[in-house]
Amino acid sequence: MNRTTRWASIDAYIAAAPPDRRALLEELRATIRAAAPDAEETISYGMPAFAQNGTLVYFAALKNHIGFYPTSSGIAAFQEELAAYEGTKGAIRFPLDCPLPLDLIQRIVRFRVEENRRQAADKTRTSQIRSPGQGS
């Protein structure tokens, strides 16, 4: 799929995907949604993304695989379990001819939800320390 196309929604992105990838994309989307029910669906960098206190994960339909992008921390935390898949520091390539590892994807997404929640709480705490309350 063309990364320069501006998709209006994840629905539009999936509808434009080759037919043999649509079911995988829907399955991946549902798995992410189940792990992060409060996350907002969006398109970022031309790919479907889920955000909650910042971006959690991205995914994409590519020529020979489904790309899953849980940031480098999401990959590092599950490095051993992801060893069976090709990838980079920030990306995992799921082959089209194999079932998606849905349980692993859910655990990675939950990890990212918690990581973003902690980072947001830390930012709030830091900003409260830097700006004293009113009435002092």
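The values are calculated or read from the model by the stated rules, or taken from the named source; none is laboratory data. Note that the structure is a prediction, hence the values are computed from the model and not measured. Glycine also receives a Cβ, built like all others from the backbone with ideal geometry; neighbour counts cover every protein chain displayed. For accessibility, only protein heavy atoms count, side chains too; no ligands or nucleic acids. Shrake-Rupley method; radii C 1.70, N 1.55, O 1.52, S 1.80 Å.
Taking each residue of region 81-106 that is under 11 Å from Ile66 (Cα atoms) and looking for partners that are small (Gly, Ala, Ser) with beta-carbon atoms closer than 6 Å, six or more apart or interchain, yields Ala91/Gly67; Arg93/Gly87. Ala60 falls short on exactly one of the conditions (1) touching a residue at least 24 places away in the same chain (Cβ under 8 Å); (2) among the aliphatic types (A, V, I, L, M); (3) open to solvent by 30 Å² or more (accessible area, probe 1.4 Å), and that condition is (3).
Go through region 1-56 and report how many residues are loosely packed, with under 13 Cβ neighbours inside 10 Å, touching a strand residue (DSSP E or B) at 6+ places or on another chain (Cβ under 8 Å) and touching a residue at least 60 places away in the same chain (Cβ under 8 Å). Matching residues across region 1-56 total 0.
Taken over region 83-112, the criterion of being of a type in the set (A, V, I, L, M) and in contact with a Phe, Trp or Tyr (Cβ under 9 Å, 6 or more places away or on another chain) is satisfied by Ala91, Ile92, Leu100, Leu104, Ile105, Ile108, Val109. Checking the stated criteria, Leu28 turns out not to satisfy the condition of being in contact with a Lys or Arg (Cβ under 7 Å, 6 or more places away or on another chain), under 30 Å from Ala121 (Cα atoms) and at pLDDT 95 or above. Residues of region 103-113 being within 13 Å of the chain's Cα centre (by Cα) and surrounded by fewer than 17 Cβ atoms within 10 Å (Cβ to Cβ), which ones? Passing the criteria: Gln106, Arg107, Arg110. Scan region 72-87 residue by residue and report those that are touching a helix residue (DSSP H, G or I) at 6+ places or on another chain (Cβ under 8 Å) and either outside any helix (DSSP H, G or I) or not β-branched (Val, Ile, Thr) (or both). Matches in region 72-87: Ser73, Gly74, Ala77, Phe78, Glu81, Leu82, Gly87.
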